[in-house]
Amino acid sequence: MKKFLVYCDYGTSEHCLKELVRFLDRKQCIYELITAEEIRSNYLDKNPSAVLCFGGGFDLGFLSCLGQEGCRSIKNFVYSGGAYLGICAGAYFACKNIEFDLNGPLEVKGERLGFFNGMAKGPINRNFAYNCEDFSAAAELRAISGQQVFAYLNGGCFFEPSDNHFSSLLVYSGAQNGHDLVECNGKMAVLETKFGLGKCVLSGVHFEMDVEGLDLGNENVIKNVLPNLAQNNFDIGDLILNLFG
């Protein structure tokens, strides 16, 4: 089984880090936490077959903490055969370009790592606010097998490709579920791509979060999110972990 190296430094949401670690525990995965300094100090070279994970948070924090040296180390690691898993902010971070809240108060745009040759656009939740579940949603997705599944969405993106060097794993199915969401019917929610010899899986949704990881005292979560997540009989997490072998 692959070892997962989970980024835990500046830019990471404490809640998202906790839930990613809890997910890996639940799936009995081998993992360890890794800092920006360790990434800059070539720690990745000692784990050439590991999966580097960046979860939710804000990717400007990733950029400022890692610097050019850390970003270069990550790109070299994946290009040489390492693997990368990006969830929400970690998925934005892995794309060639991002647009977040374009022309809005939280606007972020620019070039990033470039593992996916395309654009990550978000947030899909129109009224998204950091560290808040009031506008979170259970997004309805469709797998390539045709199965429907719900996944937690809070600030996540959809992906627009610039070429055809990727595999779409799940797309947004267009259901609003009582939320004010950006129109994204048929847009990619989860994808797999290659960068050099390495494999990358990017997810705009928080597949790692289950019912226990949500704010059970939040009215929106109780009314709009939990009932849909409770319907799931398809595990996106298993699908993604199987891709890494």
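The values are calculated or read from the model by the stated rules, or taken from the named source; none is laboratory data. Treat the numbers as computed from the prediction; the structure is a model and nothing was measured. Because the Cβ atoms are built from the backbone with ideal geometry, glycine has one as well, and the counts that use them run over all protein chains shown. For accessibility, only protein heavy atoms count, side chains too; no ligands or nucleic acids. Shrake-Rupley method; radii C 1.70, N 1.55, O 1.52, S 1.80 Å.
Brief remarks on what is shown
- Where R40 falls short, out of the listed (1) farther than 17 Å from F115 by Cα; (2) of a type in the set (K, R); (3) open to solvent by less than 80 Å² (accessible area, probe 1.4 Å); (4) within 18 Å of the chain's Cα centre (by Cα): (4)
- Note on segment 217-245: residues that are open to solvent by 50 Å² or more (accessible area, probe 1.4 Å) and under 14 Å from D134 (Cβ atoms) amount to 4.
- Here A139 fulfils each of the conditions (1) part of a strand (DSSP E or B); (2) more than 30 Å from G196 (Cα to Cα); (3) in contact with a helix residue (DSSP H, G or I) (Cβ under 6 Å, 6 or more places away or on another chain) apart from (3).
- Among the residues here, L170 does not qualify as under 30 Å from D45 (Cα atoms), modelled with pLDDT of 95 or more and not in a helix (DSSP H, G or I).
- Taking (1) among the basic types (K, R); (2) in contact with a strand residue (DSSP E or B) (Cβ under 9 Å, 6 or more places away or on another chain); (3) touching a residue at least 60 places away in the same chain (Cβ under 8 Å); (4) over 17 Å from C200 (Cβ atoms) in turn, K27 satisfies each apart from (2).
- Among the residues making up segment 88-99, those that are touching a residue at least 40 places away in the same chain (Cβ under 8 Å) and buried (at least 18 other Cβ atoms within 10 Å of the Cβ) are C88, A89, G90, A91, Y92, A94, C95, I98.
- Sole residue being surrounded by fewer than 24 Cβ atoms within 10 Å (Cβ to Cβ), at pLDDT 95 or above and out of contact with any strand residue (DSSP E or B) (no Cβ under 8 Å at 6 or more places or on another chain), chosen from E107, E133, E69: E69
- Scanning segment 52-82 for residues that are assigned to a loop (DSSP other than H, G, I, E, B) and in contact with a Cys (Cβ under 8 Å, 6 or more places away or on another chain) yields G55, G56.
- When L113, L85 are checked against the criterion of being open to solvent by less than 50 Å² (accessible area, probe 1.4 Å), under 20 Å from C200 (Cβ atoms) and part of a strand (DSSP E or B), L85 stands alone in meeting it.
- Only residues that are touching a residue at least 24 places away in the same chain (Cβ under 8 Å) and closer than 14 Å to V221 by Cα were counted in segment 132-146, giving 7.
- Residues of segment 161-172 that are open to solvent by 30 Å² or more (accessible area, probe 1.4 Å) and within 16 Å of F207 (Cα to Cα): S168 alone.
- Among residues of segment 119-130, those that are open to solvent by 30 Å² or more (accessible area, probe 1.4 Å) and polar (S, T, N, Q), counted: 1
- Among the residues of segment 193-216, those that are surrounded by fewer than 16 Cβ atoms within 10 Å (Cβ to Cβ) and closer than 21 Å to P161 by Cβ comprise K194, G196, L197.
- Test: residue in segment 96-105 that is out of contact with any Lys or Arg (no Cβ under 9 Å at 6 or more places or on another chain) and assigned to a strand (DSSP E or B): no
- Some residue of segment 142-160 being of a type in the set (A, V, I, L, M), surrounded by fewer than 20 Cβ atoms within 10 Å (Cβ to Cβ), in contact with a Phe, Trp or Tyr (Cβ under 6 Å, 6 or more places away or on another chain) and not in a loop (DSSP other than H, G, I, E, B): no
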